[in-house]
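Just so it is clear, none of the values below were taken in a lab; they were calculated from the coordinates. As the structure is a computational prediction, the values presented were derived from the model and not from experiment. Heads up, the Cβs are rebuilt from the backbone with ideal geometry, glycines too, and the neighbour counts pull from every protein chain shown.
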Amino acid sequence: MITKIEQELVERLQKGLGRLVNTVKSYGGELDDDSLSVSRLPICLVTFGGARIERMSTNARRHQSTANFVIILAVRSLRSNVAARQGGIDEREVGVNQLITAVRRLLDAQTLGQLVKPLKPTRVRTIFNNALFKGGAITAYSIEYEAVYDDFQPLDDGYFPEATQDKTNPDYVFSAYRAKLSDPLPLLEQVQGRIYDPTTQAEEPFKVETEVKNES
């Protein structure tokens, strides 16, 4: 789910920001690299910042994750720190304040195709102002979002995942890396019982056959 959310964030920002930035991508340590070239700016980077997990109800098997995603925006300080924040008279001088507004306009309250509950912006932070990198000075800010989603159905107690060849299934990794697997649980084929009438004390047995589909 984390990967899906990150990919959806990147895709939406790629489409929505247009020429406001040169690049929208998942964060790969670009701002930790002293060789970052200012010619690649403005840039928008998306990264996962951790999550907290909470029980949804008294049912110990249902949980909800609140994931933190960080949108990093970096621009080149062509003339001054003020221009880097507020933008300049030249269209190349995109200000980081403009990008913050644009990103929030694109992401606030979005569900990313019903993947998460409406995205909640939580804070904007300064990463650095007018910091010197190769070829010039850079100003960067981050916007943090909370993305809330229901967790996957947990395994039955004592069981391991079942084998699957479906690469979109989160359990595929266990088959691919030859981890221990459990046999499929038996299917429910019928339900039997008795209907009791308290006024006449009559009882009537019943049996319901379930429709079992062969998915092999």
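The HN-Hα couplings worked out from phi for segment 181-188 by the Karplus form 6.51 cos²θ - 1.76 cosθ + 1.60 (θ = phi - 60°) are 10, 10, 5, x, 5, x, 7, 7 Hz, whole numbers, x standing for Gly and Pro. Taking the Cβ of residue 69 as the center, what net charge do the other residues with Cβ under 11 Å away carry, scoring Lys and Arg +1 and Asp and Glu -1? Summing Lys/Arg as +1 and Asp/Glu as -1 gives -3. Of the residues 22, 97, 169, the one that moves most in a GNM of the chain with alpha-carbon contacts below 10 Å is 169.
Quickly estimate the mean residue ellipticity at 222 nm for the chain, helices only: each DSSP H run with n ≥ 4 gives -39500 (n - 2.57), and the total goes over all residues, rounded to 500.
Numbers: 4 runs with 39 residues, N = 216.
Calculated mean residue ellipticity at 222 nm is -5500 deg cm²/dmol.
Summing Cβ point charges (Lys, Arg +1; Asp, Glu -1) relative to the Cα centre of the chain gives a dipole of roughly 1460 debye.
Taking amide H as placed 1.01 Å from N in the peptide plane, residue 128 has its amide H under 5 Å from the amide H of 140, each at least 5 places away in sequence or on another chain. Of all lysines in the structure, the ones whose alpha carbon falls short of 17 Å from that of residue 4, not counting any fewer than 8 places away in one chain, are 15, 25, 117, 167.
For the chain, the longest principal axis of the C-alpha atoms and the axis of helix 2-17 are separated by about 40°.
With respect to the chain, whose longest principal axis is taken over its alpha-carbon atoms, helix 96-107 is tilted by about 20°.
Size of the chain: Rg and Dmax of its alpha carbons, in Å, are 26.1, 93. Taking Lys and Arg as +1 and Asp and Glu as -1, the other residues whose beta-carbon sits under 14 Å from that of residue 15 total +2.
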